Amino acid sequence: MADITQQMNNLSVEQGSQGNGSSRSQYVPPHLRNRPSGGNGSFGGNRRGGFNNNSFGGYDNNRRGGYSNNNNSFGGYNNRRGGFNNSRGSGRYNTPKPGVGRWVDGKHEPAERNDRLEKELYGVDDEPTTQSSGINFDNYDDIPVEASGEGVPEPITAFTAPPLDPLLVENVKLSRFTKPTPVQKYSVPIVAAGRDLMACAQTGSGKTGGFLFPVLSESYMNGPASVPETAGAFSSHKVYPTALVMAPTRELVSQIFDEAKKFSYRSWVRPSVVYGGADIGGQIRNLERGCDLLVATPGRLKDLLERGRVSLANIKYLVLDEADRMLDMGFEPQIRHIVQECDMPGVEDRQTLMFSATFPKEIQYLARDFLKEYIFLSVGRVGSTSENITQKILYVEDEEKKSVLLDLLSANDNGLTIIFTETKRMADNLADFLYDQGFPATAIHGDRSQYEREKALAAFKTGSAPILVATAVAARGLDIPNVSHIVNFDLPSDIDDYVHRIGRTGRAGNIGIATAFFNRNNKNIVKGLVDLLTEANQEVPDFLSKIARESAFGGKSMRGGSTRGGRGPSRDFRKQGGGFGGSSSSNWGNSSSSSSSGGWGASNNGGYSGYSGRSNGYSSSNYGNPSASNSWW
DNA sequence: AAAAAAT
């Protein structure tokens, strides 16, 4: 173990010395560093003097169906480049664009309020754009919260200024958020204290606000960072965002951007969004109008970095939403590239925040590469589901699924229903089938064009197609009001995927129903399912307990790839119990073992010392070399 | 084995 700790320390030293090249012997919270030093904004100006502020390309509104997606970015006030820039622009501040504030002479100058914009951003009274809190919202307070790591600050209890910035509080109120959720209560002071954070909280419990509130509030109070000397040559075509948020799907990134627009109203912070499948030219033009908070999918961001359109040299806040997914096999190399091999400040010189409802133990381990002395926060057991969701498991053979589905849909109320399938082909097939049967269904999956994806999602949201057949693309993060029913037409093989899928309902204290079709092809998930249902006080059908017992004898041990169907090593290796997180029992308040997603207190001591709490050590050979995990098999 | 993410 000593040996392991040593390796971890070495790793952290190496990281600290990369990025923008400054390693520090003494820790200084990022929010106390890189304060703008007077030069910032002192030229106050619009370096793009003659730029046409109103030239929103047709791109956004045309392509994006129901989204209202003006970037509100005003031509060029993005001016914080000290001496670089004095020769550019007149220094005269042109007619301000509504809703866009400024950071001038080390002070925040919020813009005036604007009725039209407020209506656009927050809706009118009878049609709020924000999902209202449900009847069980206050029950969140009963969920046990664990925050571990050194010096965890006291949680806030309300949206007040201080400690939050007054403008942020106003915007939160306009968005009809009345009271912080548990994850928000803790994340606000943790981020304000300059700490890194790994936050695990149930689906629908306010994680997006959990990072946007503190990041924006701190940004309003502290202003932009100055561009480090080590930054590449100045280019008027390059933007230097202060905060970067990455998420695994385009629709989720778009949704986070829409939220960011609400909370950044009137401030100096201009949010932008970039993702694949959409016209990159339009996105670049939007970036050029200013970009302080960038919300991105990894692939498109990498592209823009290579094109020299974005610099990460100014990043103070790095947020990974759905962090376990972002660090899973498919994404981890891209994230590692963006975070460690481009120009982003090193781990010691930025704040890194990770959020998810699930966080398998070996991914938590991987995550430490990107975190410094962090606080681990969990609301409820990591990977548990909200009790606001009533879960039903039906035994349905494959051939019967369609007819049972028709029965379910016929009996449904007027809420929205999402049906998950395992394959894109089946999603199309099923959507066509339902449509032919007279059900207004549409489909979303990765083989559809981005335009079709967004159109499908918009049609679903507005209720013109109240049935959405979806693959995993819609499993995480999407916050769609009035989704009352989730059907797992096919169950996923990973219990964490199930958790995210059913989490599209039962959000913000509202209730929801999740129905799953189970048969013997789903043995791989049966134990996780039984544990999950038990923990969430849901009924466990007899057939399920029975199959779980059978499986406990038969094929549970997956060592050596000996299970049924030749199921070899896969990302499910984390379920094997060895190596990382101990056994896979579900446990509340028992730190000696944990489920796949890590239990209470499993990773408690933020930072590397947390390791000492583990009895199980690492049997895997790639310890200390996480990137090797990609070539593990 | 599937899905997602740049073109």
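The values are calculated or read from the model by the stated rules, or taken from the named source; none is laboratory data. Remember, it's a predicted structure, so these values are computed and weren't measured experimentally. Reconstructed Cβ throughout: ideal geometry from the backbone, glycine too, with neighbour counts over all protein chains shown. Note: areas computed on protein heavy atoms with side chains; ligands, DNA, RNA excluded. Shrake-Rupley method; radii C 1.70, N 1.55, O 1.52, S 1.80 Å.
Please give the peptides A:296-307, A:490-501 ranked by average Cβ packing (other Cβ atoms within 10 Å per residue), highest first, as a rough proxy for protection.
A:490-501, A:296-307
Mean separation of Cα pairs under 8 Å and 6+ residues apart, divided by the residue count of the stretch A:264-376: what relative contact order is that in percent?
Answer for the stretch A:264-376 is 23 percent.
Under a cut-off of 20 Å between alpha-carbon atoms, report the lysines in cross-link reach of A:LYS392, not counting same-chain residues fewer than 8 places apart.
Hits, sequence-local ones excluded: A:LYS401, A:LYS402, A:LYS523, A:LYS527, A:LYS546.
Grab the eigenvalues of the alpha-carbon gyration tensor for the stretch A:267-309, scale each by 5, take roots, and send me the semi-axes largest first in whole angstrom.
Semi-axes, largest first: 17, 10, 10 Å.
Treat each spin label as a single point 7 Å out from the Cα along the C-beta direction, and report the A:LYS392 to A:SER545 distance in nm.
Taking the simple label geometry, A:LYS392 and A:SER545 are separated by 2.0 nm.
Could you tell me the distance between the Cα centroids of the stretch A:196-224 and the stretch A:327-376, to the nearest Å?
Between the Cα centres of the stretch A:196-224 and the stretch A:327-376 lies a distance of 16 Å.
Could you state the per residue volume, in Å³, of the convex hull enclosing the Cα atoms of the stretch A:92-231?
Value for the stretch A:92-231: 156 Å³ per residue.
If you average 1/r across every pair of different Cα atoms in the stretch A:249-373 and take the reciprocal, what Kirkwood value do you get, in Å?
By the Kirkwood definition, the hydrodynamic radius is 15.1 Å.
Hey, which lysines would be in cross-link range of A:LYS238, C-alpha to C-alpha under 26 Å, not counting anything within fewer than 8 residues on its own chain?
Counting by Cα, and skipping residues close in sequence, A:LYS238 has these lysines nearby: A:LYS97, A:LYS107, A:LYS261, A:LYS262, A:LYS302, A:LYS316.
What does the convex hull of the Cα atoms of the stretch A:389-551 come to per residue, in Å³, rounded to a whole number?
Taking only Cα atoms, the stretch A:389-551 has a hull volume of 106 Å³ per residue.
Could you compute how much accessible surface A:ARG250 exposes when probed at 1.4 Å, giving the result in Å² to the nearest 10?
Roughly 70 Å² of A:ARG250 is accessible to a 1.4 Å probe.
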